[in-house]
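Participant: Submitted below is the structure of interest, expressed as structure tokens.
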Amino acid sequence: PDLDMSFLIPDWLQPTWDLLTPYPGLLAITVLILAYGIGKLLKFLISRSVMKVAAKTHTDADDRLVQYLTHPLVLTCVTLAGMLVVSAFELPESVRNSLLSLLATILLLSWLRAGFRTARLLLELVAGNRHRFDVVQERTIPIFDMTIKILLVGFGAYVLLLIWGINPTAWLASAGVIGIAVGFAAKDSLANLFSGIFIVADAPYKIVDYIVLDSGERG
């Protein structure tokens, strides 16, 4: 996709932008400092408004959730400002596209990291509400956590390919073929895996239950 960010420059700012354009270093420093200040301000305003609601709860989980979701804001503003500066400079097309893709990759990784931490925290919150969510328990959290991480990694890999201008269609087709091959080769292991997931989800056996098998084993 086209990562050119020059369209974000408002008309009222264009004269000042044109004035600083002959001085690339000054322009870059000014834009980055301004973006850093905007990011800090957004983080402060959002955190303060949400923390007022979070302060009424009895756990610190919601405070951590706000922290995880607002942490990438400053880096997002600075990265977008960097992409804006790169887009405005008259650089060789290959260098310009590489820099824009690199900055977009940094932005993607920062939000993926926030997504990983947020998903884990949400699972812990859901597991704590056992009377409403029987499936999500302390012992099932690793299963759901791994599933969410796989989905996030897959989504991130897809977006990463798009950022670097790589057509993901061929990769998805190859992944499908590999998945079918692995499925046939490890069908017994996969069957046991899904059986274990369904047993945990249905919870026919609970911790401290005493079980006697037909073969005589008990415990």
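The values are calculated or read from the model by the stated rules, or taken from the named source; none is laboratory data. On a predicted model such as this, the values are computed, not experimentally measured, just so you know. So basically every Cβ, Gly included, is an ideal-geometry build from the backbone, and we count neighbours across all protein chains shown. Side chains are part of the model used for accessible areas, which takes the heavy atoms of the whole protein and leaves out ligands, DNA and RNA. Shrake-Rupley method; radii C 1.70, N 1.55, O 1.52, S 1.80 Å.
Participant: Starting from the Cα of ARG218, step 7 Å along the direction of its Cβ; do the same at PHE194; then give the gap between the two resulting points in nm.
Facilitator: If labels sit at ARG218 and PHE194, their model points lie 3.5 nm apart.
Participant: So, with a 1.4 angstrom probe, what is the percent of accessible area on region 149-201 that is carbon and sulfur?
Facilitator: Of all accessible area on region 149-201, carbon and sulfur atoms account for 79 percent.
Participant: Still on this structure, please answer the following. Summing +1 for each Lys or Arg and -1 for each Asp or Glu, what net charge is found among the other residues whose Cβ lies under 14 Å from the Cβ of CYS77?
Facilitator: +2
Participant: In nm, what is the difference between 0.36 nm times the number of residues separating ILE150 and LEU26 and their Cα-Cα distance?
Facilitator: 40.4 nm
Participant: May I ask you to order 178-190, 144-156, 204-216, 106-118 by the average number of other C-beta atoms within 10 Å around their residues, highest value first?
Facilitator: 106-118, 144-156, 178-190, 204-216
Participant: Something else: With a probe of 1.4 Å, find how much accessible area region 167-219 has per residue, and write the answer as a whole number in Å².
Facilitator: 86 Å²
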